[in-house]
């Protein structure tokens, strides 16, 4: 996609103004399905999407990007609006709570409410664990190179407890640390349930094969004009991050360093921490 377009900034999670689900229009459900992954497709139902909304000033960068309030029984539902109000009142005007009265409980907040935020919060309906959900963001929500880079930063930030000093390393080094976390989760799930949530990505060998393909110039399902094996194509379609892993090179590192030098990463320390 072309840099500077609205879609580019949305994929890169770098909006100047937050968006509500209604702002995306009829394609919102399709965007959610593309980022939720195979096991989360059913979450993009009209009923679930109807629970979502934007809260706060869409031009303002709050210290929270999104929140999912999972209702636990009828008694909890009665107190849900009160609980949400108490959480948000310190930094959101009371007039901004009109949507809560309509039954909203899955929110994007302020400027950082974008498609990735909504997909992350919606997936929390099924995936409660924050670390695992961020891995899902990476694996299934990296539908473009800007999105992959943004998701890497988000997972790495969470992994390092958002230590500001640790953020200032090349993106390739962050990628290595995140892939170690990914491998650990795959191994643990094989022990716990006998099959991993990544639908076939059971070892780093397969991941390394895609890294080698991408470094060799593979784009999508092709390398040097020749079609990749069907099994590889199928996995790359199910897990979009496989199309981009290993493609982050020195030019991306220079771009990120330049952005940090002008302070472009400061507010995102809080954004990443509070995307829960």
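Annotations for the structure displayed:
- Residues being in a helix (DSSP H, G or I), in contact with a helix residue (DSSP H, G or I) (Cβ under 8 Å, 6 or more places away or on another chain) and either under 22 Å from residue 147 (Cβ atoms) or not assigned by TED's automatic domain parsing to the domain that holds residue 103 (or both) - total across region 35-49: 8
- Set 143, 117: member being modelled with pLDDT of 95 or more and either crowded, with 16+ Cβ neighbours inside 10 Å or not in a loop (DSSP other than H, G, I, E, B) (or both): 117
- Residue within region 151-158 that is under 27 Å from residue 85 (Cβ atoms) and buried (at least 23 other Cβ atoms within 10 Å of the Cβ) present: no
- One residue stands out in region 73-102 among those that are in a loop (DSSP other than H, G, I, E, B) and surrounded by 13 or more Cβ atoms within 10 Å (Cβ to Cβ): the one that is modelled with the lowest pLDDT, namely 91.
- Total residues in region 212-233, condition surrounded by 15 or more Cβ atoms within 10 Å (Cβ to Cβ), in contact with a strand residue (DSSP E or B) (Cβ under 7 Å, 6 or more places away or on another chain) and in a loop (DSSP other than H, G, I, E, B): 2
Residue-by-condition table, conditions (1) out of contact with any strand residue (DSSP E or B) (no Cβ under 6 Å at 6 or more places or on another chain); (2) part of a helix (DSSP H, G or I); (3) surrounded by 20 or more Cβ atoms within 10 Å (Cβ to Cβ); (4) not assigned by TED's automatic domain parsing to the domain that holds residue 106:
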{"residue": "19", "(1), (2), (3), (4)": "yes, no, yes, no"}
{"residue": "24", "(1), (2), (3), (4)": "yes, yes, no, no"}
{"residue": "57", "(1), (2), (3), (4)": "yes, no, no, no"}
{"residue": "60", "(1), (2), (3), (4)": "yes, no, no, no"}
{"residue": "70", "(1), (2), (3), (4)": "yes, no, no, no"}
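The values are calculated or read from the model by the stated rules, or taken from the named source; none is laboratory data. Because the structure is predicted, anything quoted here is derived from the model rather than measured. Methodologically, a virtual Cβ is constructed for each residue, glycine included, from the backbone with ideal geometry; neighbour enumeration extends over all protein chains shown.
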